[in-house]
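Working notes, structure below.
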Amino acid sequence: MKKLPKLYTDFAKYYDKLESQYRDYALETRWLEKLLESHGCKNVIDISCGTGNHISGLVQSALKVDSKREFYAMDASEEMVQVASAKLRKLGSGSEVLLGDFLKMPLRQSSFDSAICMYWSLAGLSHEQVRALFSEVRSILKVAGLFVFDVENSEGIKENLLNEPFIDSFFDDEGKSVIRANLSRKIEPDLVDWHAYYLFEKGGVSELINDNMKLKFYSKSDLSRLLSESGFSISGVYSSPFIEYREHSPSIYFVAQKHE
Ligand SMILES: C[S@@+](CC[C@H](N)C(=O)[O-])C[C@H]1O[C@@H](n2cnc3c(N)ncnc32)[C@H](O)[C@@H]1O
């Protein structure tokens, strides 16, 4: 597997502080909950759970209504698995968080009613790898199983943020100041090279650590084709939770179902 960026490993402990400004996890979780409910899903796996925001949100709402739904999560980063596991333990949930690669799933075939893969987790994958991912997801789903994921939209690249450095985070970690600066450059029409510079400062001593990730942007038509070639039918395409797809939105959310 390709080396993961530090955002998902060394800095997993800061992930929520850095990234939750870009996501409405509560809204996404309500939307996912509605989809799982309307499809009668008895279990769900988050195959790239990160710090576990979606799965813990789903667990929390299930606890309120005494639901029997089962929750599973997986991530390729050990540090993310630790953060997500701690979040679930705090809720008193016995849900398991596995360490695993979604391109080589360590999971039983045809065992899930639904799988989710949220917040641009496909970002670094080529079309061939996306095809491999869809095939892996198909193999763990039961027939009619639901697959929900979102990607960055090639029509929605925020050109105004390219080539301009910007600081998006500044917070305190037990007396240590943490600052993140970003610089993104488009290196192909659908590929953005993102660099992050983390500056740490405590007691007048500073440290600078850099991070990098290639963000691939996908088109609605390419992914629709890959899904249908991989044995899925598409039940809905959205720009954000509850909002039907509109051109040029930054993200595309797909709701697909495994067919026979
Ligand atoms: C942008 S984060 C999204 C995390 C979470 N889904 C969220 O909404 O916050 C992408 C996640 O995908 C995980 N990931 C990347 N490649 C993976 C792979 N091959 N298998 C499983 N997880 C992977 C990363 O470790 C990271 O936690």
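The values are calculated or read from the model by the stated rules, or taken from the named source; none is laboratory data. Model, not experiment: these values are computed from the prediction. Note that we place each Cβ from the backbone using ideal geometry, even for glycine, and neighbour counts take in every protein chain shown. Ligands, DNA and RNA are excluded from the accessible area calculation, which covers all protein heavy atoms including side chains. Shrake-Rupley method; radii C 1.70, N 1.55, O 1.52, S 1.80 Å.
Between the DSSP loop rule and a limit of at most 10 other Cβ atoms within 10 Å, which GluC sites (Glu not before Pro) in region 164-221 are left?
In loop regions of region 164-221 (DSSP not H, G, I, E or B), the sparsely surrounded GluC sites (Glu not before Pro) are GLU174.
Restricting to DSSP loop positions (anything but H, G, I, E, B) with no more than 11 other Cβ atoms inside 10 Å of their own Cβ, which chymotrypsin sites (Phe, Trp or Tyr not before Pro) remain in region 33-126?
Filter output for region 33-126: empty list.
Which residues' amide hydrogens lie under 5 Å from the amide hydrogen of SER219, considering only partners 5 or more residues apart or on another chain, with H built in the peptide plane?
Under 5 Å from the amide H of SER219: SER154.
Nearest 20 debye, what's the magnitude of the dipole of the chain about its Cα centre given +1 on Lys and Arg Cβ and -1 on Asp and Glu Cβ?
580
With a 1.4 Å probe and all protein chains left in place, how much accessible area per residue does the chain have, in Å²?
That works out to 49 Å² per residue.
Got a number for carbon plus sulfur as a percent of region 158-216's accessible area, 1.4 Å probe?
Its accessible area is 54 percent carbon and sulfur atoms.
What percentage of the solvent-accessible surface of region 35-128, computed with a 1.4 Å probe over protein heavy atoms, is contributed by carbon and sulfur atoms?
Answer for region 35-128: carbon and sulfur cover 50 percent of the accessible area.
When the helices in the chain are scored as -39500 (n - 2.57) per DSSP H run of 4 or longer and the sum is shared across all residues, what 222 nm value do you end up with, to the nearest 500 deg cm²/dmol?
Calculated at 222 nm, the ellipticity per residue is -8000 deg cm²/dmol.
Please state the relative contact order of region 158-216 as a whole percent: Cα pairs under 8 Å, 6+ residues apart?
26
Would you work out if the chain is rounded, prolate or oblate? Take a ≥ b ≥ c from the square roots of the eigenvalues of the alpha-carbon gyration tensor; rounded if a/c is under 1.5, else prolate when a/b is larger than b/c, oblate otherwise.
Since a/c reaches 1.5 but b/c is at least a/b, the shape of the chain is classed as oblate.
State the number of lysine pairs found in region 158-216 whose Cα atoms come within less than 18 Å, restricting to pairs 8 or more positions apart or on distinct chains.
Lysine pairs, 8 or more places apart or on different chains, close enough: 6.
Tell me which residues come under 5 Å, amide H to amide H, from SER48 once H is placed; ignore anything under 5 positions away on its chain.
MET74, MET118
Along each principal axis of its Cα atoms, how long is region 115-260 end to end? Whole angstroms, biggest number first, please.
Principal-axis extents of region 115-260 (Cα, largest first): 62, 31, 29 Å.
Report the equivalent ellipsoid semi-axes for region 158-216 in whole Å, largest first, defined as the square roots of five times the eigenvalues of the gyration tensor built from alpha carbon atoms.
27, 10, 8
Who wins for biggest fluctuation among ASP222, ASP46, ASP75 in a Gaussian network model of the chain, springs between alpha carbons below 10 Å?
ASP222
Rank by packing, highest mean first: peptides 15-24, 230-239, with packing defined as the count of other Cβ atoms within 10 Å averaged across residues.
230-239, 15-24
What does the highest-first list of 89-95, 214-220 look like by mean Cβ count within 10 Å?
The densest-packed peptide leads the list: 214-220, 89-95.
Using a cut-off of 30 Å between alpha-carbon atoms, which lysines can reach LYS68, once sequence neighbours fewer than 8 places away in the same chain are excluded?
Correct list for LYS68: LYS34, LYS42, LYS87, LYS90, LYS104, LYS142, LYS258.
Is the C-alpha gyration tensor of region 1-127 telling us rounded, prolate or oblate? Criteria: a/c under 1.5 is rounded; beyond that, a/b larger than b/c is prolate, otherwise oblate.
Cα axes put region 1-127 in the prolate bin.
Please compute the modelled spin-label separation between ARG30 and ASP172, points set 7 Å along Cα→Cβ, answer in nm with one decimal.
Here the answer is 3.2 nm between the modelled labels.
Select from SER135, SER67, LEU7 the residue farthest towards the positive end of the dipole of region 4-161; place +1 on Cβ of Lys and Arg, -1 on Cβ of Asp and Glu, and compute about the Cα centre.
SER67
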